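K.L.:
I'd like to ask some things about the structure below.
The values are calculated or read from the model by the stated rules, or taken from the named source; none is laboratory data. Everything numeric in this text was worked out from a predicted model, so none of it was measured. Methodologically, a virtual Cβ is constructed for each residue, glycine included, from the backbone with ideal geometry; neighbour enumeration extends over all protein chains shown.
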Amino acid sequence: MRKTAKIFTGIMLVASLALTACGAKNNNGGSSSSPSTSPSPSATPSASASAPASPSAAPASFQVGMVTDSGTIDDKSFNQGTWEGVQKAAKDLGLKEKYLKPTGTTEADYMKEIGNLFDAGYKFIVTPGFKFETAIFKAQDKYPDAKFVLIDGGPHAGDFKYVVKPNTVSIYFAEHESGYLAGVATALQVKEGDVGFIGGMEIPPVQKFNWGFQQGVKYANDNLGTKISIKKDNVIYQGSFDNVAAGSQLAAQMYDRGVKVIFAAAGGVGVGAINEAKTRAKAGKEVWIVGVDVDQYADGVYDGDKSVILTSAMKKIDHAAYDMIKAETEGKFPGGQTLIFDAKNDGVGLPVENPNLTPETLAKVDEVFKKIQSGEIKVAAEQGDLLK
Amino acid sequence: MDYVVEMLNIRKEFTGIVANDDITIRLKRGEIHALLGENGAGKSTLMSILFGMYQADRGSIKVNGKEVRISNPNVANQMGIGMVHQHFKLVEDFTVTENIIMGSEPRKWLGLVMDTRKAGKKIEELSKQYGLNVDPYAKIEDISVGMQQRVEILKMLYRKAEVLILDEPTGVLTPQEVQELGRIMKNLIKEGKSIILITHKLKEIKAFADRCTVIRRGKTIGTVDVATTSEGAMAEMMVGRQVSFKVEKTDSVPGDVVLQVKSLTVRNSKKSLALNDFSLEVRAGEIVGIAGVEGNGQSDLVEAITGLRKAESGSIDLNGQNITAKSIRERIESGIGHIPEDRQKRGLILDYTLAENMVLEVYHREPFSRKGVLKNSAIRQYANRIIDSFDVRSGEGAVSAARSLSGGNQQKAIIGREIERNPLLLIAVQPTRGLDVGSIEYIHKRLIEHRDNGKAVLLISLELDEIMNLSDRIAIVNQGELIGVVNASETNENEIGLMMAGVKREEGA
Amino acid sequence: MNRIVVSLVAVLFGLLAGAVLMAVTGHNPITGYSYLFEGGLKNPERIGNTMATATPLVFSGLAVAFAFRTGLFNIGVAGQLLFGGFCASAVGLNWALPKPLLLIVMLIVGFLGGALWAIVPGLLKARFNVHEVVSSIMMNWVAYWTVYYAVPAYLKAQYSETESAQLPEAASLKVPFLTEMFDGSFINLGLFVAVIIVLVVGFIINRTTFGYELKAVGHNRSAAEYAGIAVNRSIVFSMAISGGLAGLGGVALYAGNASNIQIGVLPSQGFDGIAVALLGANTPIGVFLSAMFFGLLYSGRGFMNAMTEIPPEIADSIIAIIIYFAATSILIERLIRWFIRRRRANTKASTSQEGKVGM
């Protein structure tokens, strides 16, 4: 059993990295946004999908806990997205929810909070971010009665040999596809000129956003008649997710160099960039930011109802969290699996509302989205000959 | 009788110590009233009560005949009582005017801008009125200590003080500045102010004060008319016994040269020449005094000998051994003892206990430590010996914090520490500064004893009396140069005074 | 003795203030605190976690206290801790030695790494009189970015960009007998090292000529110079030792509580060290006890959150308030004095009143 899980995980990982159309194996991923028809869970284990069923039937009622990554619960990013999904699920399904904030970011800190949640009866635990990988690896053995959802990572012992136990599900996103769509939208909207990228730490999810964005811009230049350039100097990783001031500075430098749009995939650093953009926009300059992870439109609002957020390259973290909780209530928790949320199952994409994009742009972006879903456009998740 | 301030039967107790037992002092309008007492007699406490910093446990205070409660210094200020502290409270890089108006800045333009000019003008007027001669626009760091003191006085006048308390005002002044201060006090009296002068210097009381209240161990001994009371009588009231002013000593028996300074040149921290081509020798069994006005190279000489400052050129020999390039510790080991000028800055570690301070230079030797580990019992024993033989008084003996000792006792502890090491050369810088008559007498005796033990003593003092009384030979410095060396028995105050001003002696050159 | 009272009162006030905050935000302080303490002490595992959480704080608190006793304000403990931990991690990941030997080497290297980081401000202070607060806090960022560059470049695992590879078992301060004794807690040998170091530092500060010299320089540089103590050397030594203690804390943190080193994090233990030292009255034993108290707060907090409706932010504020009171224990001292004085004055007033009535 364990071995199979290992092999399975391995396959899934390779799949996710190489992006061979595999997509989300599980239907639950796809049926994301549709609100549940009825909160009462059908507890028939036989109804569970093709995946290896979780060893025990889903309990009739359970409590959902979450441990935050570094940063606050309202970080406009991972923590917030996950928490919103958890809250929504809890509300729709009549569950009790709780999040804990660890004192540090070491495995021990995470383990401590997981233990606290478990001891307090929160046995369905959602953790956002790859930093939880080793903690979840330990926790899934230590608390066999609990269920774990690890977003953006897979449990391993520090050796990157992924082991997803039947009480755990590991979730990845196709950030490059999301970045790609944002790139296309940006190119179509501004037509010509310079655009730039500010990243937080140089880690795979952020890198994939960057590479996807560059591919998207290139696609628009090649096929849709735009003339957008991305210069080497304008692709920068700040090095952290919390240095707001540095974000403002980097953005200011880029705007001074004539950049019109900055794709900021950088947490708090991005907040700095948004602030700078707002200052300039108020002064009548035409500057934009492309948001990340969640719909950041509201964060870019200035002068009443205008916003500097052109659009946002979203990872539907909240959907992922929601879906997993819902699956558990239905006894369909995809334990032992590694899921990928991508365009195909609507796990990534642009916001529904995009006030700063013209209908023409939106229509074309939608076409591209469909092509990605159908596999006609393949977005690479590696650097290849792209910038950084 | 018209009294401005009366403090009646004041008692103040701090945990376990009765600082003021039963003190009464009455200040007449327009007089200079001296408050005389030994260190620790309760002068400062009494004045702090008047100034509102402490509350008396018992007794009453009357201002202009009315009983009052002075709960804090602001209240004292409002009643026209101002205090010039021993340690000035001035901001170094502010101007005189800025310092004076601090806390009550005059404003203009809706109170947004400080009106320094108007204040400056007023200060200039006050300065002229009382003959203070202060430049309102000079920076504090650029003016002399005596001038800074006048700024403090001006601050009080600016705030319309009628009663001025001067706490040990002459401790930091040169003889000339003391005379100047006397003149200023007379001016103040003429303009109707009243002054309480806290001091233990009988000479000054004699020169400036009208009446004198003597306190001892927290009690008023009596108030006397200065004009009709002798210095000796006042000293007796203060100390409680007869005091001799003349230092008893036999003629010196000079032996070998212990300290030989040859053509020493030293630069001070501002890189200007502090000591120029200075030569001097001190023999075993003699006290050589250095006379000079403050800041003429005395401190630099001492620092160069002890190793605290590097010599630019020239040599220093101790007992025939060149120590010019030796470290401070090596010099201490080879037999230099040093009673530093500033006992709190250099002489003691105030947060250490008395015992720890007593081994400041010897802690690393046996028996005080062995293989780097301190031996506390040996240290305490040693400290107790010094405490006993030098009569150092403290709350808890060897384990009391140095900070808790009175100034006089701190000084006695330092002198005890240095003499106990029995150094070949004892350098005593202002050994009796700020001390009372009883302590001075005692310290002088110990210095002479050290000489009589066949050791060399180099005495640096700004008090000419002290130099004249103690020294066997006197070296006079002016602007870093040696003006001359005279035998104490063959000279007089007048001659030395001239040499201090830089006039060289004709003969013997 | 007096200091102990002050610190205890500070803690008490902090807890009371925390209780007020809980009450104001509509939570029951008694349940809150009972879960807080339960969370830190309820079972062997939690006790182990509490002590383990406290271990790096013992070191950082000692580092601050040691510098403080010698008149220096080492605010760069975070950087020293990080760099010491980094050096030890580098050794642990690259050298194949038997576990006891490897751990000893790692501790030494961690000490040296932290010391190196603190020597720089020490030298600047001794040579150019640059204030150590400024230079040591700058060194925090130098450490931050050095680690930021060096970990991904030299110590990273295959896929991870933001943290080093996991330390092998031989390089971990965790040992099976402790883990088992405390039911799977992450308690580790760091605690024993901490106890030993507390004793050693206490001995150095209080009983040796070396400590005497360092303290003398700390209290009064001029007087130390006068006494022939090599002042500049003392300053550099003080900083180096202080930094070294912080470096040991880094070993305890990264090779004990954690099992690898992350980039982009300036360890908060470095700054908590200041509060730990203040609450511990800058004495080694005091630091040890106050670190344990902080460890209890930090490890019990999560359980309080989980068991009550107190949100984590309020829990953070409660802890911050307790720390604040602890750190400002000097105020408490004044308050106690004022209280005593007032009471004495009152009794005196009342007796004199009675006296008057009697007349």
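K.L.:
For region A:207-235, which positions are of a type in the set (A, V, I, L, M, F, W, C), outside any helix (DSSP H, G or I) and surrounded by 19 or more Cβ atoms within 10 Å (Cβ to Cβ)?
P.N.:
Here is the first cut: in region A:207-235, the residues of a type in the set (A, V, I, L, M, F, W, C) are A:209, A:211, A:213, A:217, A:220, A:224, A:228, A:230, A:235.
The next check asks that each one be outside any helix (DSSP H, G or I); those that pass are A:224, A:228, A:230, A:235.
Result: A:ILE228, A:ILE230, A:VAL235.
K.L.:
Got at least one residue in region B:165-173 being modelled with pLDDT under 90, assigned to a strand (DSSP E or B) and β-branched (Val, Ile, Thr)? So that I can check it myself, show each step before the final result.
P.N.:
Filtering region B:165-173 down to residues modelled with pLDDT under 90 leaves B:167-173.
From the residues that got through so far, the ones that are assigned to a strand (DSSP E or B) too are B:167.
So of that shortlist, the ones also β-branched (Val, Ile, Thr) come out as none.
The answer is no, given that none of the residues of region B:165-173 is modelled with pLDDT under 90, assigned to a strand (DSSP E or B) and β-branched (Val, Ile, Thr).
K.L.:
Let me ask something else about it. If I filter region C:183-197 for residues that are of a type in the set (A, V, I, L, M, F, W, C) and at pLDDT below 95, do I get at least one hit? Reasoning before the result, please.
P.N.:
If we filter region C:183-197 for residues that are of a type in the set (A, V, I, L, M, F, W, C), which is where we start, we get C:186-187, C:189, C:191-197.
Subset that is at pLDDT below 95: C:186-187.
The answer is yes; a qualifying residue exists.
K.L.:
Name the one entry in B:GLY454, B:GLY508, B:GLY480, B:GLY502 that is at pLDDT below 95, closer than 27 Å to B:VAL178 by Cβ and more than 24 Å from the chain's Cα centre (by Cα). So that I can check it myself, show each step before the final result.
P.N.:
Working: B:GLY454 fails: closer than 27 Å to B:VAL178 by Cβ; B:GLY508 fails: closer than 27 Å to B:VAL178 by Cβ; B:GLY480 fails: more than 24 Å from the chain's Cα centre (by Cα).
Answer to the check: B:GLY502.
K.L.:
Which residues, taken from region C:300-320, are within 9 Å of another protein chain (Cβ to nearest Cβ), at pLDDT below 90, assigned to a helix (DSSP H, G or I) and out of contact with any Leu (no Cβ under 8 Å at 6 or more places or on another chain)?
P.N.:
Listed by number, the residues that qualify are C:GLU313, C:ALA315, C:ASP316.
K.L.:
Taking C:GLY79 as the residue in question, decide whether it is within 19 Å of C:ILE187 (Cα to Cα) and either part of a helix (DSSP H, G or I) or modelled with pLDDT of 95 or more (or both). I'd like the intermediate steps shown before the answer.
P.N.:
Values: within 19 Å of C:ILE187 (Cα to Cα): no; either part of a helix (DSSP H, G or I) or modelled with pLDDT of 95 or more (or both): yes.
No.
K.L.:
I've got another one for you. Can you name every residue in region C:264-283 that is crowded, with 24+ Cβ neighbours inside 10 Å and either closer than 21 Å to A:SER240 by Cα or at pLDDT 95 or above (or both)?
P.N.:
Result: C:PRO267, C:GLN269, C:GLY270.
Residue by residue, here is whether (1) among the polar types (S, T, N, Q); (2) surrounded by fewer than 18 Cβ atoms within 10 Å (Cβ to Cβ); (3) assigned by TED's automatic domain parsing to the domain that holds B:HIS444; (4) within 22 Å of B:HIS450 (Cα to Cα) holds:
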{"site": "B:ILE460", "(1), (2), (3), (4)": "no, no, yes, yes"}
{"site": "B:GLU466", "(1), (2), (3), (4)": "no, no, yes, yes"}
{"site": "B:ILE476", "(1), (2), (3), (4)": "no, no, yes, no"}
{"site": "B:GLY480", "(1), (2), (3), (4)": "no, no, yes, no"}
{"site": "B:ASN494", "(1), (2), (3), (4)": "yes, yes, yes, no"}
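K.L.:
Looking at C:LEU167 and the list (1) within 13 Å of another protein chain (Cβ to nearest Cβ); (2) at pLDDT 95 or above, which single condition is not satisfied?
P.N.:
(2)
K.L.:
Could you check region B:320-362 and list, in sequence order, the residues that are over 18 Å from B:ALA428 (Cβ atoms), crowded, with 22+ Cβ neighbours inside 10 Å and not hydrophobic (A, V, I, L, M, F, W, C)?
P.N.:
B:GLU356
K.L.:
One residue is enough: does region A:362-379 have a residue meeting the conditions small (Gly, Ala, Ser), out of contact with any Leu (no Cβ under 8 Å at 6 or more places or on another chain), within 20 Å of A:ALA320 (Cα to Cα) and at pLDDT below 95? It would help to see each step written out before you state the result.
P.N.:
In the first step, residues of region A:362-379 are kept if they are small (Gly, Ala, Ser); the result is A:363, A:374-375.
Retained after the next criterion (residues that are out of contact with any Leu (no Cβ under 8 Å at 6 or more places or on another chain)): A:363, A:374-375.
Next, from what is left, pick out any that are within 20 Å of A:ALA320 (Cα to Cα): none.
No: region A:362-379 contains no residue that is small (Gly, Ala, Ser), out of contact with any Leu (no Cβ under 8 Å at 6 or more places or on another chain), within 20 Å of A:ALA320 (Cα to Cα) and at pLDDT below 95.
K.L.:
Filter region B:276-324 down to residues that are away from chain C (no Cβ under 14 Å), part of a loop (DSSP other than H, G, I, E, B) and farther than 28 Å from B:ASP452 by Cβ and give me whichever is modelled with the lowest pLDDT.
P.N.:
Ranking the candidates gives B:GLU294 first.
K.L.:
Return a yes/no flag: does region B:267-279 have any residue that is farther than 30 Å from B:ALA41 by Cα and aromatic (Phe, Trp, Tyr). Walk me through how you get there before you give the answer.
P.N.:
Going through region B:267-279, the residues farther than 30 Å from B:ALA41 by Cα turn out to be B:267-279.
With the extra rule that they be aromatic (Phe, Trp, Tyr), the set shrinks to B:278.
Yes, that holds for at least one residue.
K.L.:
On to the next question. Would you kindly identify the helices (runs of 4 or more DSSP H) lying entirely within region C:192-299 that contain at least 1 residues that are touching a residue at least 60 places away in the same chain (Cβ under 8 Å) and farther than 18 Å from C:GLY122 by Cβ? First the steps, then the outcome.
P.N.:
Working: elements: C:209-219, C:221-226, C:231-252, C:269-279.
Helices (runs of 4 or more DSSP H) meeting the threshold: C:231-252, C:269-279.
K.L.:
Right, another one. Give me the pairs: first residue in region A:284-302 and on the phi > 0 side of the Ramachandran plot, second residue part of a loop (DSSP other than H, G, I, E, B) and buried (at least 24 other Cβ atoms within 10 Å of the Cβ), beta-carbon distance under 9 Å, and six or more apart or on different chains, which are they?
P.N.:
A:ASP293/A:SER77
K.L.:
Further question: Name the strands (runs of 3 or more DSSP E) wholly within region B:1-97 that hold at least 3 residues that are over 21 Å from B:GLU162 (Cα atoms) and in the same structural domain as B:THR220 (by TED's automatic domain parsing)? Write out each step before concluding.
P.N.:
On the way: elements: B:3-14, B:17-28, B:32-36, B:58-63, B:66-68, B:81-84.
Where strands (runs of 3 or more DSSP E) fall fully within region B:1-97 and carry at least 3 residues being over 21 Å from B:GLU162 (Cα atoms) and in the same structural domain as B:THR220 (by TED's automatic domain parsing), they are B:3-14, B:17-28.
K.L.:
Next question. Working carefully through the options B:GLY407, B:GLY416, find the one that is in contact (Cβ under 8 Å) with a residue 60 or more places away in the chain and not hydrophobic (A, V, I, L, M, F, W, C). Before you say what the answer is, go through the steps one by one.
P.N.:
Details: B:GLY416 fails: in contact (Cβ under 8 Å) with a residue 60 or more places away in the chain.
From the options B:GLY407, B:GLY416, the qualifying one is B:GLY407.
K.L.:
If you take the residues of region C:183-229 that are polar (S, T, N, Q) and within 14 Å of chain B (Cβ to nearest Cβ), which of them is surrounded by the most Cβ atoms within 10 Å (Cβ to Cβ)? Before the answer, list the steps.
P.N.:
Initial filter on region C:183-229 (polar (S, T, N, Q)): C:185, C:188, C:206, C:208-209, C:220, C:222.
Adding the requirement that they be within 14 Å of chain B (Cβ to nearest Cβ) leaves C:206, C:208-209, C:220, C:222.
Values: C:ASN206: 15, C:THR208: 16, C:THR209: 19, C:ASN220: 23, C:SER222: 17.
Step by step, filter region C:183-229, then rank; the result is C:ASN220.
K.L.:
Name the one entry in B:SER406, B:SER389, B:SER400 that is closer than 30 Å to B:ASP256 by Cα, out of contact with any Asp or Glu (no Cβ under 6 Å at 6 or more places or on another chain) and small (Gly, Ala, Ser). Talk me through it step by step, then tell me what you get.
P.N.:
On the way: B:SER406 fails: closer than 30 Å to B:ASP256 by Cα; B:SER400 fails: closer than 30 Å to B:ASP256 by Cα.
Unique residue meeting the criteria: B:SER389.
K.L.:
Tell me, which residue of region B:384-410 that is away from chain C (no Cβ under 14 Å) and buried (at least 20 other Cβ atoms within 10 Å of the Cβ) is nearest to the chain's Cα centre (by Cα)?
P.N.:
Restricting to residues being away from chain C (no Cβ under 14 Å) and buried (at least 20 other Cβ atoms within 10 Å of the Cβ), the top hit is B:GLY408.
K.L.:
Go through region C:10-65 residue by residue and tally those that are away from chain A (no Cβ under 14 Å), of a type in the set (Ser, Thr, Tyr) and closer than 28 Å to C:PHE186 by Cα.
P.N.:
Total meeting the criteria: 1.
K.L.:
In region C:128-141, is there at least one residue being buried (at least 19 other Cβ atoms within 10 Å of the Cβ), of a type in the set (A, V, I, L, M, F, W, C), away from chain A (no Cβ under 13 Å) and within 23 Å of the chain's Cα centre (by Cα)?
P.N.:
Residues of region C:128-141 that are buried (at least 19 other Cβ atoms within 10 Å of the Cβ), as a first pass: C:132, C:135-136, C:139-140.
Adding the requirement that they be of a type in the set (A, V, I, L, M, F, W, C) leaves C:139.
Okay, now just the ones that are also away from chain A (no Cβ under 13 Å), so C:139.
Remaining after also requiring within 23 Å of the chain's Cα centre (by Cα): C:139.
Yes, because at least one residue in region C:128-141 is buried (at least 19 other Cβ atoms within 10 Å of the Cβ), of a type in the set (A, V, I, L, M, F, W, C), away from chain A (no Cβ under 13 Å) and within 23 Å of the chain's Cα centre (by Cα).
K.L.:
Tell me, yes or no, whether region A:289-303 has at least one residue that is assigned by TED's automatic domain parsing to the domain that holds A:GLN189 and over 23 Å from A:ILE198 (Cα atoms).
P.N.:
Filtering region A:289-303 for residues assigned by TED's automatic domain parsing to the domain that holds A:GLN189 gives A:289-303.
After this cut, where a residue has to be over 23 Å from A:ILE198 (Cα atoms) as well, the list is A:303.
For region A:289-303, residues assigned by TED's automatic domain parsing to the domain that holds A:GLN189 and over 23 Å from A:ILE198 (Cα atoms): present.
K.L.:
Another one. Within region B:420-448, which residues are touching a His at 6+ places or on another chain (Cβ under 6 Å) and outside any loop (DSSP other than H, G, I, E, B)?
P.N.:
Initial filter on region B:420-448 (touching a His at 6+ places or on another chain (Cβ under 6 Å)): B:426-427, B:436.
Within region B:420-448, B:LEU426, B:ILE427 meet the criteria.
K.L.:
I'd like to verify a number: residues in region A:112-124 that are more than 7 Å from chain C (Cβ to nearest Cβ) and not in a loop (DSSP other than H, G, I, E, B), how many?
P.N.:
Selection size over region A:112-124: 4.
K.L.:
Using the structure shown, decide if C:GLY76 is crowded, with 18+ Cβ neighbours inside 10 Å, in contact with a Cys (Cβ under 7 Å, 6 or more places away or on another chain) and either away from every other protein chain (no Cβ under 12 Å) or hydrophobic (A, V, I, L, M, F, W, C) (or both).
P.N.:
So C:GLY76 fails the test.
K.L.:
Being closer than 22 Å to A:ASP74 by Cα and of a type in the set (A, V, I, L, M) is the filter; apply it to region A:236-267 and report the residue that is surrounded by the fewest Cβ atoms within 10 Å (Cβ to Cβ). It would help to see each step written out before you state the result.
P.N.:
If we filter region A:236-267 for residues that are closer than 22 Å to A:ASP74 by Cα, which is where we start, we get A:238-248, A:263-267.
Of the ones still in play, those that are also of a type in the set (A, V, I, L, M) are A:244-246, A:264-266.
Details: A:VAL244: 18, A:ALA245: 11, A:ALA246: 19, A:ALA264: 32, A:ALA265: 29, A:ALA266: 32.
By that ranking, first place goes to A:ALA245.
K.L.:
Quick one: in region C:170-182, of everything that is in a helix (DSSP H, G or I) and buried (at least 18 other Cβ atoms within 10 Å of the Cβ), which residue is modelled with the lowest pLDDT?
P.N.:
Residues of region C:170-182 that are in a helix (DSSP H, G or I), as a first pass: C:170-171, C:176-181.
Now drop any that are not buried (at least 18 other Cβ atoms within 10 Å of the Cβ), which leaves C:171, C:178.
Values: C:ALA171: 94, C:LEU178: 91.
Checked region C:170-182; the qualifying residue modelled with the lowest pLDDT is C:LEU178.
K.L.:
Under 8 Å by Cβ, and 6 or more places apart or on different chains, what pairs join a residue from region B:25-53 that is in contact (Cβ under 8 Å) with a residue 12 or more places away in the chain with one that is among the aromatic types (Phe, Trp, Tyr) and in a helix (DSSP H, G or I)?
P.N.:
B:ILE32/B:PHE208; B:ALA34/B:PHE208
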